[in-house]
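Accompanying notes for the structure given below.
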Amino acid sequence: MKKPFNLETRTFLFAKLVGLYVKQLKPDQVNTVYINQLIRASSSIGANYIEANESLGKKDFLMHLKISRKEAKESEYWLKLLKVMNDNSLNCDDLIQEAKELRFIFTRIIEKSK
């Protein structure tokens, strides 16, 4: 799949795909907790990136980018947990990879912005 160049679009698509993925999972006690955490983290990536683009200054910009990076890392964590707790029955490797790539992108932007 060709990934969008626009980071707002890419983070939105990631959150959307995460939502579609978790809809396929069995809503048991463990999945429900992990899914809630994943939905919050994955949707927060793009929301904080939008906030960074509307920042009040460099410090505010960097803070929101760091939150986006943190949420990408957290999304990767929850996806890995869901994968092992569901016997890998529904492949989420592409989502895990996208979370990693988003984290690397935000790290690079932060480094270049300092």
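The values are calculated or read from the model by the stated rules, or taken from the named source; none is laboratory data. Being a predicted model, the structure only gives us computed values, none of them experimental. Positions of Cβ are generated from backbone atoms using ideal geometry, with glycine treated the same way; all protein chains shown enter the neighbour counts.
Which condition does ILE35 not pass, out of (1) under 19 Å from PHE106 (Cβ atoms); (2) of a type outside the set (Gly, Ala, Ser); (3) touching a residue at least 40 places away in the same chain (Cβ under 8 Å), if it passes all the others?
(1)
Among the residues in the range 58-70, are any among the small types (Gly, Ala, Ser), at pLDDT below 95, surrounded by 12 or more Cβ atoms within 10 Å (Cβ to Cβ) and out of contact with any Cys (no Cβ under 9 Å at 6 or more places or on another chain)? Before the answer, list the steps.
To start, the set of residues in the range 58-70 that are among the small types (Gly, Ala, Ser) comprises 68.
Then drop every residue that is not at pLDDT below 95, which leaves none.
The answer is no; no qualifying residue exists.
What residue, among those in the range 1-45 that are within 17 Å of GLU71 (Cα to Cα) and of a type in the set (Ser, Thr, Tyr), is nearest to the chain's Cα centre (by Cα)?
SER42
Go through (1) surrounded by fewer than 13 Cβ atoms within 10 Å (Cβ to Cβ); (2) within 9 Å of the chain's Cα centre (by Cα) one by one and return the number of the condition SER75 breaks.
(1)
Looking at GLN97, GLN24, GLN37, GLN29 in this structure, which one is out of contact with any strand residue (DSSP E or B) (no Cβ under 6 Å at 6 or more places or on another chain), of a type in the set (S, T, N, Q) and surrounded by 15 or more Cβ atoms within 10 Å (Cβ to Cβ)?
Working: GLN97 fails: surrounded by 15 or more Cβ atoms within 10 Å (Cβ to Cβ); GLN24 fails: surrounded by 15 or more Cβ atoms within 10 Å (Cβ to Cβ); GLN29 fails: surrounded by 15 or more Cβ atoms within 10 Å (Cβ to Cβ).
Testing whether each residue is out of contact with any strand residue (DSSP E or B) (no Cβ under 6 Å at 6 or more places or on another chain), of a type in the set (S, T, N, Q) and surrounded by 15 or more Cβ atoms within 10 Å (Cβ to Cβ) leaves just GLN37.
Within the range 1-43, track down each residue that is modelled with pLDDT under 95 and polar (S, T, N, Q).
ASN6, GLN24
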